[in-house]
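> The structure's right below; bear with me while I get my questions together.
The values are calculated or read from the model by the stated rules, or taken from the named source; none is laboratory data. Since the structure is predicted, the reported quantities are computational estimates derived from the model, not experimental observations. Backbone-built Cβ (ideal geometry, glycine too); neighbour counts: all protein chains shown. Note: areas computed on protein heavy atoms with side chains; ligands, DNA, RNA excluded. Shrake-Rupley method; radii C 1.70, N 1.55, O 1.52, S 1.80 Å.
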Amino acid sequence: QVQLVESGGGLVQPGGSLRLSCATSGNRGNFQAMGWYRQAPGKERELVACIFNGNSTNYADSVKGRFTIPRDNAKNTVYLQMNSLKPEDTAVYYCEAVQWISVFWGRGTQVTVSS
């Protein structure tokens, strides 16, 4: 059974940085795509960033130039490097992985940006 476990969330001041990790287990072969979504209170879940086989990436406009999504294919692990964090980045961040027609989700990690 495929499992995704996020880590690295926490409380950070505006302008600070955090690095989220998404460790996977139980999968056979690489995922076709991996990504990060977030959901703030009272809002819908939204795409933050994703990376595909071949390393093409896609970012939400709100995070372009501040976030990157490195991926370690050998470990089937994806990261979210978040720099210049803003209070509006506060949300629960979820990892997603796609393998063929299956989509897997982690349970999320809280990121709070506040002074």
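> Taking region 57-73 only, how many residues are acidic (Asp, Glu) and either touching a strand residue (DSSP E or B) at 6+ places or on another chain (Cβ under 8 Å) or crowded, with 17+ Cβ neighbours inside 10 Å (or both)?
Selection size over region 57-73: 1.
> Which residue out of Asn83, Asn76 is touching a Ser or Thr at 6+ places or on another chain (Cβ under 6 Å) and crowded, with 20+ Cβ neighbours inside 10 Å?
None of the other options fit; the residue is Asn76.
> Quick check on Ala74: is it more than 27 Å from Gly26 (Cα to Cα), more than 11 Å from the chain's Cα centre (by Cα) and of a type in the set (A, V, I, L, M, F, W, C)?
Here the answer is no, as Ala74 does not meet what is asked.
> Provide a single number: the residues in region 55-71 that are under 13 Å from Gln32 (Cα atoms) and of a type outside the set (Lys, Arg).
Selection size over region 55-71: 3.
> Okay, next question. List pairs: first residue in region 12-31 and hydroxyl-bearing (Ser, Thr, Tyr), second residue outside any strand (DSSP E or B) and surrounded by 18 or more Cβ atoms within 10 Å (Cβ to Cβ) anywhere in the structure, Cβ distance under 9 angstrom, at least six positions apart or on different chains.
Ser17/Leu85; Thr24/Phe31; Thr24/Asn76; Thr24/Gly106; Ser25/Asn76
> Within region 1-42, count every residue that is open to solvent by less than 60 Å² (accessible area, probe 1.4 Å) and not in a strand (DSSP E or B).
11
> Need a quick list: strands (runs of 3 or more DSSP E) entirely within region 55-106 having at least 3 residues that are in contact (Cβ under 8 Å) with a residue 12 or more places away in the chain and of a type outside the set (Ser, Thr, Tyr).
77-82, 91-99
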